[in-house]
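> Pasting a structure below so you can have a look.
The values are calculated or read from the model by the stated rules, or taken from the named source; none is laboratory data. Since the structure is predicted, the reported quantities are computational estimates derived from the model, not experimental observations. Heads up, the Cβs are rebuilt from the backbone with ideal geometry, glycines too, and the neighbour counts pull from every protein chain shown. The area values use the complete protein model at the heavy-atom level, side chains included, leaving out ligands, DNA and RNA. Shrake-Rupley method; radii C 1.70, N 1.55, O 1.52, S 1.80 Å.
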Amino acid sequence: MQSETLSMNSKLPSKKINYKHDVAQKLHAIMQKKQTNLAIAADVRTKKELFNLIDNVGNEICILKTHIDIIDDFDQDLIVQLKQKAKEYNFLICEDRKFADIGSTVQAQYTGGVYHIADWADIIIAHAIAGPTIIKALSDCKKDCAILLLAELSCADNLIDATYTHKVLEWAKKHDDSIIGIIAQNAQLDHPHQFKCTPGVNLQQASDNLGQQYRTPEHVVGKKMTDIIIVGRGIYKAENQKCAAQAYRKAGWDALESR
Ligand code: S5P
C-alpha cells in the first residue's frame, strides 16, 4: 500500500489512495475528475467580481482560495452563493486567513467575528510561527478542519529560514489527521498523502513591484514537485480570465503528468 503511494505522482493515475483526511480525499477526487491542479487566488474586491471570476474559471480549478476580508461588500449572501458555486463547479474553498496567533485568539478568529470561517471553508491556511498548539486550537474548533501549513513564503527577503521550514515539515507530517498539505516553494513534502501547494506562479511575469516572486507552472510542478499551483493576478487580471485559467490549468496538469 505504502509503496504504491510513495511517489507524489501517485496522486495522478488511477491508483486508489486512502487519504487520512476526507478533504484530502475529496481534493484528490476533484483533481482526477476535472484533470486540474490549479487553485485560483480570487483576490478580487467585490462580490460581483468574485462571482464573475468563478463563472469564468470554475470549470478549470480544484480550489478557490479567498481572502474574505478584502471583499468590500461582504455579506452572508456571499457565503450562501459561494457554497452553491462550489457545488455547481465542484471545487473546494480555501480561506487564506493565515492564522498566526495564540490558540485562544485563532479559535475566535476561525469561528467568530463577521466571517465565521469555520462554517464554510473546506480548507484554511495557518502559519506555524506560534508553535504546534495552533494546530490543536484550530482542530478543536472543528473536527474535520483541514489545514495547509505555511512552510515557505514566495516574497523576497522574508524571515523564514531552513530551520523553520524543517520544523513545519515535521509538524505537518506528525499532524496529518488535520494537516492536508503545505504551502511552500522549494521544500519537499515528506508525506505521500499530503499536498504541496505553491503560490508565486505566473506565466508572464517574474515579479511584481512589492516583492512577490514568480516562477512558471512547469518549474514548480516539474522541478519542485508541487502538486497544486496557486495563481492570482495571472488569471483574474487577464483580459480573458477563462482563457488564462485554461492555459494555467493545462500547463500545471501537463507538468504533473509528465513528471
Ligand atoms: O508565500 C505565499 C503564500 C501565499 S498563500 N505567497 C503568496 O503569494 N500567497 C498568496 O497567493 C497571496 O496571499 C495571494 O493570495 C496569492 C498570490 O497571488 P498572485 O496574484 O501573486 O498570483
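> Would you list the helices (runs of 4 or more DSSP H) that sit entirely within segment 20-130 and hold 2 or more residues that are farther than 25 Å from Ile182 by Cα?
Working: elements: 22-34, 47-57, 76-89, 103-111.
Output list reads 47-57, 76-89.
> On to the next question. Return the residues of segment 185-202 that are away from the ligand (no atom under 11 Å from the Cβ) and not in a strand (DSSP E or B); say none if nothing qualifies. Steps first, please.
We begin by selecting, within segment 185-202, every residue away from the ligand (no atom under 11 Å from the Cβ); these are 186-196.
Hits for segment 185-202 are Asn186, Ala187, Gln188, Leu189, Asp190, His191, Pro192, His193, Gln194.
> Turning to a different aspect of this structure: Of all residues in segment 203-231, which are more than 10 Å from the ligand (Cβ to nearest atom), open to solvent by 40 Å² or more (accessible area, probe 1.4 Å) and among the aliphatic types (A, V, I, L, M)?
Of everything in segment 203-231, those that are more than 10 Å from the ligand (Cβ to nearest atom), open to solvent by 40 Å² or more (accessible area, probe 1.4 Å) and among the aliphatic types (A, V, I, L, M) turn out to be Leu203, Ala206, Met225.
> A follow-up question, please. Examine segment 19-36 for a residue that is over 16 Å from the mean Cα position of the chain (by Cα) and modelled with pLDDT under 95, and state whether such a residue exists.
Taking segment 19-36 first, the residues over 16 Å from the mean Cα position of the chain (by Cα) are 19-20, 32-35.
Add one more test, that the residue is modelled with pLDDT under 95, and what stays is 19-20.
Yes: one or more hits.
> Another question, then. Anything in segment 151-182 that is buried (at least 24 other Cβ atoms within 10 Å of the Cβ) and within 11 Å of the ligand (Cβ to nearest atom)? List them, or say none.
Passing the criteria: Ala151, Ile182.
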